[in-house]
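These notes concern the structure reproduced below.
The values are calculated or read from the model by the stated rules, or taken from the named source; none is laboratory data. For clarity, every value in this text was computed on a predicted model and none was experimentally measured. Methodologically, a virtual Cβ is constructed for each residue, glycine included, from the backbone with ideal geometry; neighbour enumeration extends over all protein chains shown. All accessible areas refer to the heavy atoms of the entire protein, side chains included, with ligands and DNA or RNA removed. Shrake-Rupley method; radii C 1.70, N 1.55, O 1.52, S 1.80 Å.
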Amino acid sequence: MTATMAAAPPQELHRKARKAALGSFVGTAIEWYDFFIYGTAAALVLGHQFFPNSSDLAGTLASFATLAVGFIARPIGGVVMGHFGDRVGRKSMLVISLLLMGFATVGIGVLPNYDAIGVFAPILLVTLRFIQGLGVGGEWGGAVLVATENAPEGRKGLYGAAPQIGVPAGVLVANLVYLPLTAFMSDETFKAWGWRIPFLLSAVLVLVAMWIRLGLEESSEFKESKDHEQPNKLPIMEVLTKHWKTVLLAGGTFIATNGIAYAYMVYVLKYGEKELGFSKTTMLFLLIGSCPFWMAGMAFSAWKSDTMGRRPVYVRSSIALVIAAAVFFPLMDTAVLPVMVLAMIGLGFTLGCCAGPQSALFAELFPPAIRYSGASLGYQIGAILGGGLAPIIATALYASFETSLAITGYFVLIALISLASILVLKVPGTTSSRPIEQEAE
């Protein structure tokens with residue numbers, strides 16, 4: 001414990017930790033609400049609105065391609081905001097990321113479609129999606145560090161789960177907003193203008209998150225680092241030259257969690273409607289019902305990581321994900337609702353168990369002076385290789401092979417890649433680790 005932290009009363013430390021965790025959770029939930037309503041819209045309507053001259057398959061692939069653009073922008077946002085977050089502070093970058101996300105999301109909500117402005121519609125859609133990616137690229141690293149650096153000793157895993165739980169919370173809110181629209185609007189009305197409502201609601205949610213975030217404080221750990229160390233002029237260069245193996249392996253641990261989660265949240269909506277014959281509303285109900293189990297998995301594994309250690313929990317969760325990935329689509333393909341519910345809940349809980357310890361793990365891999373840059377870059381590399389490609393790959397695989405077994409093979413493959421990555425990654429505090437400062441080569 002640092003001298004600064006020791007000097008503060010315990011009640012003040014716990015108050016600050018709870019406030020930081022709440023700010024991380026709420027802000028992240030709202031930012032990911034913004035990011036995920038795009039994914040749901042891409043699955044349900046954007047192909048029709050912005051790529052009307054394409055076939056159904058081509059329109060779906062094109063709309064999922066615009067989804068991937070956000071992932072391409074995410075490491076750029078992570079690097080830029082990581083740079084200033086390491087030099088200036090975490091809080092200011094969290095405010096900027098929230099403003100970028102809110103601007104882009106509301107912009108998509110008022111964007112004219114292809115019939116109104118022609119080719120400029122998809123161009124502007126891609127631009128706004130890119131801005132969304134910049135915002136969310138800087139969000140995760142800052143939110144994680146605010147939560148973990150302010151956490152009490154021995155509880156960094158649990159407090160660090162707050163921004164992680166914000167992700168499925170954002171999915172839950174996004175789908176709860178979409179549910180009445182798809183249930184009570186005609187398909188024509190929803191496609192004409194109803195899909196815009198979730199994007200416009202973002203303006204209110206962003207104001208709430210901004211109010212909370214402006215009240216956050218920098219952590220004692222970050223302040224002490226600034227007081228005792230000369231700020232690194234280019235934190236990202238130190239990350240890339242001295243910690244590149246750690247970054248790549250950290251990204252590798254996240255490929256399956258993010259990739260399978262995005263297929264589970266985005267592609268399965270389209271798959272259930274088109275291939276299994278269920279309504280949009282039914283598929284949204286399935287996703288909404290599984291989100292609390294996803295969050296429970298995060299909280300449980302984060303808590304266990306504080307007592308068992310990050311690596312054992314992450315390894316066991318990754319093994320469980322290989323199994324869950326292998327059985328998910330065979331269970332969904334039964335088209336029996338109780339079986340599908342179990343498949344969604346089982347995969348959601350397992351994904352949560354993989355994500356729970358991630359915040360504390362990624363934060364502990366890097367020294368405070370380059371932590372924002374290093375954690376953000378590792379996370380966003382995993383996001384590009386995972387979630388950015390998963391809906392496109394799943395759609396293309398099913399179109400090529402006309403069986404979900406091809407998608408199952410893809411899921412198992414990336415789950416094995418993530419399992420191998422955590423087994424090789426040198427995690428501080430484990431017997432196979434070296435101090436992070438010695439990972440220069």
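Values for this structure:
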item: Summed side-chain charge close to MET340 - residues other than MET340 whose Cβ falls under 14 Å, Lys, Arg +1, Asp, Glu -1; result: -3
item: Residue with peak Gaussian network fluctuation, the chain [Cα springs, cutoff 10 Å], from THR105, THR350, THR182; result: THR182
item: Exceeding the 31 Å Cα-Cα cut-off - candidates LYS19/LYS242; LYS280/LYS304; LYS245/LYS270; LYS270/LYS426; LYS91/LYS426; result: LYS19/LYS242; LYS280/LYS304; LYS245/LYS270; LYS270/LYS426
item: For region 304-376, with +1 on Lys and Arg beta carbons and -1 on Asp and Glu, the positive-most of LEU321, THR334, GLY346 along the dipole; result: LEU321
item: Per residue value of the accessible surface for region 298-389 (all protein chains in place, 1.4 Å probe), Å²; result: 29
item: Net charge of neighbours whose Cβ lies under 11 Å from the Cβ of SER404, counting Lys and Arg as +1 and Asp and Glu as -1; result: -3
item: Kirkwood Rh in Å, taken over all unlike Cα pairs in region 107-237; result: 18.3
item: Virtual paramagnetic centre 7 Å along Cα→Cβ of ILE72, amide N under 14 Å, in region 91-126; result: 123-126
item: Principal axes of region 85-127: Cα extent on each, largest first, Å; result: 45, 15, 7
item: Rounded to whole Å, sorted largest first: equivalent-ellipsoid semi-axes of region 156-202, Cα gyration tensor; result: 31, 10, 5
item: Hits among lysines - C-alpha to C-alpha of LYS274 under 20 Å, sequence gap 8 or more where chains match; result: LYS191
item: Protein accessible area in the chain, 1.4 Å probe - carbon and sulfur %; result: 71
item: Label zone at TRP193, where the point sits 7 Å out along the Cα-to-Cβ direction: region 109-144 residues whose backbone N lies under 20 Å; result: 109-118, 121
item: Ranked packing of 34-43, 370-379, 244-253, 81-90, most packed first, by mean Cβ within 10 Å; result: 370-379, 34-43, 81-90, 244-253
item: Magnitude of the charge dipole, the chain, Cβ model with Lys/Arg +1 and Asp/Glu -1, debye to 20; result: 540
item: Relative contact order computed over the chain (Cα-Cα under 8 Å; 6+ residues apart), in percent; result: 25
item: Proximal charge balance of VAL313 [Cβ under 10 Å; K/R count +1, D/E count -1]; result: +3
item: Taking N as its residue count, the alpha carbon Rg of region 295-355 over 2.2 N^0.38 Å; result: 1.21
item: Cross-link reach list, aspartates and glutamates versus LYS233, counting only Cα pairs under 17 Å and skipping chain neighbours closer than eight places; result: ASP86
item: Gained length - THR127 relative to ARG87, 0.36 nm times residue gap less alpha-carbon distance; result: 11.6 nm
item: For the chain, convex hull of alpha carbons as volume per residue, Å³; result: 129
item: Heavy-atom accessible area per residue - region 128-279, 1.4 Å, Å²; result: 37
item: Separation of alpha-carbon centers, region 303-344 and region 85-161, rounded to whole Å; result: 28
item: Assigned charges on the beta-carbon of Lys, Arg, Asp, Glu; region 176-263 dipole about Cα centre (debye); result: 260
